[in-house]
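Here is the structure we will look at.
None of the figures in this text is laboratory data; all of them are computed from the coordinates on show. Just so you know, these numbers come straight off a predicted model, no measurement behind them. Note that each Cβ is placed from the backbone with ideal geometry, even for glycine, and that neighbours are counted across all protein chains shown.
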Amino acid sequence: MAHPESHTSSEFGELRIGAVSKRYPGANRGEPPRLALESVSFDLQRGAMGVLLGPSGCGKSTLLRMVAGLESISEGRITVSGREVTGPGRDRGMVFQTYTSFPWLTVEENVGYGLRINSSAAGRRSGVVDYFLDRIGLMPFRKAYPEQLSGGMRQRVAIARALANQPDILLMDEPFGALDPETRWQMQELVLGIVHKERMTVLMVTHDIEEAIFMGDRIAFFSRGPGRLLEIIEPTFGADERRLDKAALKAIPDYGEMESHILQMMRAEGSRASEQTA
Amino acid sequence: MYIWRRQSKPRAVRIAFQRPVSVTQRVVLGTAAWLIFLGAWQYAATADLAPQRLFPPPTQVLSALENLFREQAFHADVLASLRRVAISFALAFAFALPLGLFMGAFPVVAAFFNPLVSPFRYLPAPAFIPLLLMWLGAGDTQKIALLFLGVVWFLVTLIADHVRSVRMELIETALTLGASTRQVLGGVVFRASLPGLVDIARQMLAVSWTYLIIAEIVAATDGVGAMIMRARRFVRVDEVMAGIVMIGILGLLLDLLFRLLHWKLFPYARQRSRKP
């Protein structure tokens with residue numbers, strides 16, 4: 001299935017979204033179908049961090065779920081590592097905004113869940129689980145149940161669980177949305193650190209501009225009604241420079257320019273939406 | 001009015017909405033309720049409001065219960081009743097679990113079975129007694145069939161509803177980790193529902209007990225219900241009441257057993273219940 005050896009190494013971890021549309025059938029009979037996403041194309045190379053940014057209702061989460069195989073694709077084609085997406089699979093791990101730790105499993109059992117159901121040898125499994133428990137700093141809590149953990153810790157478990165399963169790409173749907181600002185900031189740095197070390201391709205949905213610039217190598221900005229890809233923004237300042245920490249990022253002169261540019265687009269979308277409804 | 005206000009002000013919080021009660025308070029209040037109930041019963045029975053033969057005090061009921069066990073082999077009746085409940089309930093649960101699980105997990109299965117199962121719940125099980133007597137005779141099979149019919153449709157609906165409430169994100173997480181349909185159904189949907197299923201079993205077992213007596217009042221030679229009917233014939237009100245008390249005690253013990261099972265099996269669910 002999703003073993004890195006089974007396909008050419010040049011394509012491993014590559015995401016290609018080609019002219020993808022999403023249409024929902026009309027709620028009532030005879031009503032025309034609603035277009036949620038219109039012909040979106042977006043590519044990511046291995047190890048790149050892609051961010052889907054835009055106002056709520058722009059279809060960015062729908063697109064992410066289509067990559068995960070949890071939503072059907074009305075038109076177009078999505079490939080990951082050269083394989084076409086037709087349904088969910090272990091090559092595309094997903095982290096949700098809501099807490100998704102399995103409450104009946106301990107922290108280490110949660111992290112090892114993917115490896116266990118994919119019948120990975122127990123010895124290798126515990127090695128991988130230990131590695132990721134250590135990376136997320138939850139070694140002392142390995143025997144705890146998720147119910148005993150804070151929200152940030154549970155989200156770390158979810159990220160470690162997805163990564164331990166060794167996917168080709170990591171998908172995250174507003175993964176830090178439910179966390180307080182301080183935890184959120186720590187989590188962003190933690191994820192960046194792990195993801196860079198593993199050379200993991202990541203596609204992440206957010207509506208937080210600062211988060212998008214801090215984390216993203218390629219930021220796709222969406223408009224709504226129907227969802228369209230308005231602009232792809234690639235921060236001109238280098239990734240190493242950007243990812244020192246938040247304070248250093250904000251000190252870069254280009255940062256302010258980029259932030260206000262995105263903010264203007266966000267505002268324009270907001271006023272367009274209120275005109276539409278008026 | 002003024003005095004009432006002044007007194008109640010600092011104490012008003014005592015019965016505030018949703019205010020948690022400490023363990024000590026709970027024990028004291030619960031014991032007090034029982035003492036008041038038993039005291040009132042004892043008083044009413046000994047105060048000659050009614051002939052004592054028809055309305056014996058709790059002390060007499062207790063000694064009748066003791067006597068039943070010592071001289072009338074009441075334990076055989078208790079075991080017969082327990083056996084009927086155990087067999088019928090195990091059968092009903094074994095039937096309802098797969099059906100409820102599939103109905104809860106797959107709306108298309110629910111759309112097929114629901115129109116059938118829902119109306120069945122409104123057919124009172126005792127109405128089937130004449131039919132069951134004709135088909136199965138007056139033996140144990142008929143009683144077990146009645147108990148089965150009494151709970152099975154409720155079990156199906158309750159299990160299906162509970163399984164349906166498993167969060168979609170848990171299912172989708174498992175799918176994106178590479179789980180097959182079978183693995184999601186058994187390892188996530190069923191596993192996530194399990195604590196609730198034990199609760200459903202505990203509650204429906206109480207319903208099963210109520211049908212037991214109905215089943216044993218009709219053409220039974222053994223069982224707690226049969227003993228009660230026997231005692232009624234000789235106007236042994238104390239023994240009738242002792243039988244009712246015994247049913248209560250057994251029901252309570254089973255309830256406790258299931259709570260213990262819940263506590264033992266689901267350590268992760270403990271923290272949640274401990275939080276106020």
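Its relative contact order, with pairs defined as Cα atoms under 8 Å and 6+ residues apart, puts chain B at 23 percent. What you get for segment A:117-254, charging only the Cβ of Lys and Arg (+1) and of Asp and Glu (-1), is a dipole of about 580 debye around the Cα centre. Beyond 27 Å, the tail of the calculated P(r) for chain A holds 41 percent of the Cα pairs. For B:Arg259, neighbours were defined as the other residues whose beta-carbon sits under 11 Å from its Cβ, and their charges (Lys and Arg +1, Asp and Glu -1) total 0. Within the listed set B:Ala110, B:Ala47, B:Ala80, the residue fluctuating most in the Gaussian network model of chain B (springs between alpha-carbon atoms under 10 angstrom) is B:Ala47. Using a Gaussian network model of chain A in which every pair of alpha carbons under 10 angstrom is joined by a spring, one finds that among A:Asp91, A:Asp168, A:Asp245 the greatest mean-square fluctuation is at A:Asp245.
Each Lys or Arg adds one and each Asp or Glu subtracts one; over the other residues with Cβ under 13 Å from the Cβ of A:Glu174, this totals -1.
Here is the list for segment B:167-276: chymotrypsin sites (Phe, Trp or Tyr not before Pro) lying in DSSP coil, each with at most 16 other C-beta atoms within 10 angstrom of its C-beta, are B:Phe234.
For A:Ser21, the amide hydrogen comes within under 5 Å of the amide hydrogens of A:Ser39, A:Val40, A:Ser74, A:Glu75, A:Gly76, counting only partners 5 or more places away or on other chains and with H modelled in the peptide plane. Computed across the protein assembly as shown, the Kirkwood radius stands at 28.7 Å (inverse of mean 1/r, all Cα pairs). Under the combined filter of DSSP loop state and at most 11 neighbouring Cβ atoms within 10 Å, segment B:42-107 retains these trypsin sites (Lys or Arg not before Pro): B:Arg53. Annotation note: trypsin sites (Lys or Arg not before Pro) in segment A:25-110 located in DSSP loop regions with a Cβ neighbour count of at most 13 within 10 Å are A:Arg29.
Radius of gyration (Cα atoms) of chain B, expressed as a multiple of 2.2 N^0.38 Å: 1.29.
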